[in-house]
Amino acid sequence: MRETIEFRVPAGHADMFLEPGLGTLLGDSVRKIVLPMDDPRVKFIADLDREFLKKGKAFFTYSHISRHYTRKELDTAEVLQLIIRPTFEPPGEMCGTKYDDAAACPHCGAGAPQLTDLHLDVPHIPKKKDLAVTIAGEIVVSARLTEALRKHGITGAEYRPVRHKTGKLAEEWRQLVVTSKPVDIVPPTRVGDDPFNLDQQGRHRCPRKHVAGLNRISELWLKQEGQDGSDWVRTRQLIGAWQGVLRPREQLLISPRLYRLLLTLKAKRFEIEVAHWTTPRPSSATARLQS
Ligand SMILES: [Zn+2]
């Protein structure tokens, strides 16, 4: 696995502190810089940011880590994180979907049950895709993909009706609701504000432990104990923040079997990261290793 990090740095900051040729200019005010995670300039930029923050200003305005895998790493992964890329709005709550906010955690907004079918502004769902997600994390699956998942006996989710704002059924879409037993996110997973600020003060963690933090910084490690063997996997802890209709969301994972099926079906459009089960090492294996 190869990790790269993208920074967006205001051009004024970049001109003053970074090499002139580093990165590319977006418009005339922001420099986009992509570096391998282990490049010494990453630490240099992180240190600059820390100095800037002491004066109440950030050095970069955005950072994002990308992970690049070999075919073999993907083929041998024991569990994979599914990242659905086409994102659209408005979210369900602005189209007539009702949530029971009275039942939500007052700190983080977690646990508000969806009381109605998912209502959406259906023409706003990206065209010719099989998977898409609203800015609030509601996931829709095409009828074509739903049928294939059912036919292949994929387990751990329900595919519920999606409705237009008018209440009319949207035949071409279903809502993906993962129903498998949630699994715990465990160390060495890192969650925090950004790669250089793991939120030591816990400003974005729920005191009742529903929300692990603002952003996922590393691959996910999950506790396998108690997992029910489903193809669709969800995490117990949520990641994100509660802002208006946006809510922290569970992380979505899939079995190798489901991954292969999505590839075979050419399902559009998703990205994959490798995730990891952690298991207590069986004593017999330990004994074998020691002998
Ligand atoms: Zn909470």
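Some observations on this one:
- Taking other C-beta atoms within 10 angstrom as a stand-in for reagent exposure, Arg8, Arg257 fall in the order Arg257, Arg8, fewest first.
- Longest to shortest principal axis, alpha-carbon extents of region 96-249, angstrom: 47, 34, 28
- Per residue, the average separation of C-alpha pairs within less than 8 Å and at least 6 apart gives region 71-210 a relative contact order of 20 percent.
- Mean separation of Cα contacts under 8 Å, 6 or more apart, over the residue count of the chain: relative contact order %: 19 percent
- Kirkwood-type hydrodynamic radius, region 42-104: 17.0 Å, calculated from all non-identical alpha-carbon pairs.
- Over the chain, dividing the summed -39,500 (n - 2.57) contributions of all DSSP H runs of at least 4 residues by the number of residues returns a 222 nm mean residue ellipticity of -5000 deg cm²/dmol.
- Spin-label model distance (nm) - Val177 vs His276, 7 Å beyond Cα toward Cβ: 3.5 nm
- Highest mobility in the GNM of the chain, judged by mean-square fluctuation with C-alpha springs under 10 Å and restricted to Thr70, Thr235, Thr97, is found for Thr70.
- When the P(r) is computed for region 184-283, the part past 20 Å accounts for 46% of the Cα-Cα pairs.
- Of the trypsin sites (Lys or Arg not before Pro) found in region 61-139, the ones in coil according to DSSP and having at most 13 other Cβ atoms within 10 Å of their Cβ are Lys127, Lys128.
- Alpha-carbon radius of gyration plus Dmax, which is the widest Cα pair, for the chain in Å: 21.0, 68
- Footprinting exposure proxy ranking of Glu171, Glu219, fewest other C-beta atoms within 10 angstrom first, gives Glu171, Glu219.
- Debye intensity ratio in log₁₀ form over the Cα atoms of region 2-68, taken at each q of 0.24 Å⁻¹: -1.08
- Under 28 Å from Lys55, Cα to Cα: lysines that are on another chain or at least 8 residues apart: Lys32, Lys43
- Between Lys223 and Arg2, the contour length at 0.36 nm per residue exceeds the Cα-Cα span by 77.1 nm.
- Ordering of 21-27, 192-198 by packing [mean C-beta count within 10 Å, highest first]: 192-198, 21-27
- With K and R counted +1 and D and E -1, the other residues having a Cβ less than 9 Å from that of Ile33 yield a net charge of +3.
- Only Cα pairs under 8 Å and 6+ residues apart enter the sum, and on that basis the relative contact order of region 2-68 stands at 48 percent.
- In this structure, the amide hydrogen of Thr179, modeled 1.01 Å from its nitrogen in the peptide plane, lies closer than 5 angstrom to those of Ala157, Glu158, counting only residues at least 5 positions away or on a different chain.
- Among Trp232, Trp173, Trp221, sorting on how many other beta-carbon atoms sit within 10 Å of each Cβ, with the fewest leading, yields Trp221, Trp232, Trp173.
- Modelled label reach - Asp193, point 7 Å along Cα→Cβ, region 39-55 residues with backbone N closer than 16 Å: 46-55
The numbers here are math on the coordinates, done by the rules we state, and not lab data. Bear in mind the structure is a predicted one, so any value in this text is a computation, not a measurement. Please note: Cβ atoms are built from the backbone with ideal geometry, for glycine as well, and neighbour counts cover all protein chains shown.
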